[in-house]
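Student: First the structure, then my questions, so here it is.
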Amino acid sequence: MNPTSKIIVALDCDNRAAADAVVERLGEECGFYKVGLELLTAVGPEIVKDLVARGKEVFLDLKLFEIPNSVASAVRVAGSLGVSMVTVHGMGGSSIMSAAVEAARDFPSLRVLALTVVTSMTDADLEDIGVDDAVDRQVLRLARLAQKAGCHGVIASPQDVAALRGALGPGALIVTPGVTLPGGSPAEHARPGTPRAAIDAGASHVVVGRSVTRAADPGAGFRLVRASLAP
Ligand code: C5P
């Protein structure tokens, strides 16, 4: 796999023009975009259809946490838009993850990824919501549950990747947001790491947002990330 196919650029924008500007600036270099709740809510599903029509893969980060029937319905709609990845919350338990996986069966290229513990959360945050375990143990618990439910992989912070690769084996997707380039600001990431460290630890993909999209030159930002992953 070449470095480019491991990089997913998060289009975290609140308007279509800003998203289009990033896609234009990155051109053929970037083939995989994440569309999250901000952009989807601002501009609707047309952006997803248009990216797919341009030959881009789309990770639709819906972070589903709903009753199983509603999760399944949303996954079917995501599949019909042509997206490659969709997310469901592991904290929602086996039933919603299984419902998502079942709904995705009609779309052979759709992968269901489980969110374990969002990268901004700490042990203290888990304690606040009544989870006694430390983040690393909760991440592993939810990842195993996700695999048992049939999920194709997980979303994981850089620090959790190595343990997850060991626990889930070589076939699982491990998609890692919360990465910053060396010298970059860790922003609100509680457990940050570099894209290179994440890939070396076993991540299949990294998600980069602001380091690329807010760079003065997004193309240069993307190439910096790509160069950092070169063998
Ligand atoms: O920080 P950055 O702009 O690179 O974030 C890109 C994506 O990573 C965001 O769309 C968000 O979903 C995800 N992220 C995350 N946990 C964080 C910060 C960002 O999962 N703490």
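The values are calculated or read from the model by the stated rules, or taken from the named source; none is laboratory data. Just so it is clear, the structure is predicted and the values come from calculations on it, not from any experiment. Note that we place each Cβ from the backbone using ideal geometry, even for glycine, and neighbour counts take in every protein chain shown. Ligands, DNA and RNA are excluded from the accessible area calculation, which covers all protein heavy atoms including side chains. Shrake-Rupley method; radii C 1.70, N 1.55, O 1.52, S 1.80 Å.
Student: Between Val118 and Arg223, what is the label-to-label distance in nm when each label sits 7 Å out along the Cα-to-Cβ direction?
Tutor: 3.5
Student: Measure off 7 Å from each Cα along the Cα-to-Cβ vector at Arg210 and Ser95, then give the distance between these two points in nanometres to one decimal.
Tutor: It works out to 3.8 nm between the two label points.
Student: Moving on. Using only the Cα atoms of segment 3-229, build the gyration tensor, take square roots of its eigenvalues as a ≥ b ≥ c, and label the shape rounded, prolate or oblate: rounded if a/c is under 1.5, else prolate if a/b is larger than b/c, else oblate. Present the calculation step by step, with values, prior to reporting the outcome.
Tutor: Values: a/c = 1.64, a/b = 1.15, b/c = 1.43.
Oblate.
Student: Quick one: net charge of Gly92's neighbours, Cβ under 11 Å, K/R +1, D/E -1?
Tutor: Around Gly92, the charge tally is 0.
Student: Per residue, how much accessible area does the chain have with a 1.4 Å probe, in Å²?
Tutor: 44
Student: With a ≥ b ≥ c the root eigenvalues of the C-alpha gyration tensor of segment 116-231, is it rounded (a/c under 1.5), prolate (a/b larger than b/c) or oblate?
Tutor: Taking the square roots of the gyration eigenvalues as a ≥ b ≥ c, segment 116-231 is oblate.
Student: Just grab the label-to-label distance for Glu127 and Asp50, each label 7 Å out from Cα along the Cβ direction, in nm (one decimal).
Tutor: Label at Glu127, label at Asp50, 4.7 nm between them.
Student: Provide the gained length on full extension for the span Arg105 to Thr4, in nm with one decimal, where the gain is 0.36 nm per separating residue minus the Cα-Cα distance. Please report the intermediate quantities before stating the final value.
Tutor: On the way: separation 101, 0.36 × 101 = 36.36 nm, distance 2.72 nm.
Result for the pair: 33.6 nm of gain on full extension.
Student: If you place +1 on the Cβ of every Lys and Arg, -1 on the Cβ of every Asp and Glu, and leave all else neutral, what size is the dipole of segment 3-229 about its Cα centre, to the nearest 20 Debye?
Tutor: 680
Student: Give me the net charge for the shell around Arg76: Cβ to Cβ below 15 angstrom, other residues only, Lys and Arg +1, Asp and Glu -1.
Tutor: After counting each charged neighbour, the total is -1.
Student: Ignoring ligands, DNA and RNA, what percent of the 1.4 Å accessible area of the chain is carbon and sulfur?
Tutor: On the way: 5400 of 10090 Å².
So the carbon and sulfur contribution to the accessible surface is 54 percent.
Student: Also, quick follow-up: Hey, can you rank 44-56, 103-115, 23-35 by average C-beta count inside 10 Å, highest first?
Tutor: Averaged packing, sorted descending, gives the order 103-115, 23-35, 44-56.
Student: To continue, here is another question. Extension gain Arg137-Asp20, at 0.36 nm per residue separation less the Cα-Cα distance, in nm?
Tutor: Additional length available on full extension: 38.2 nm.
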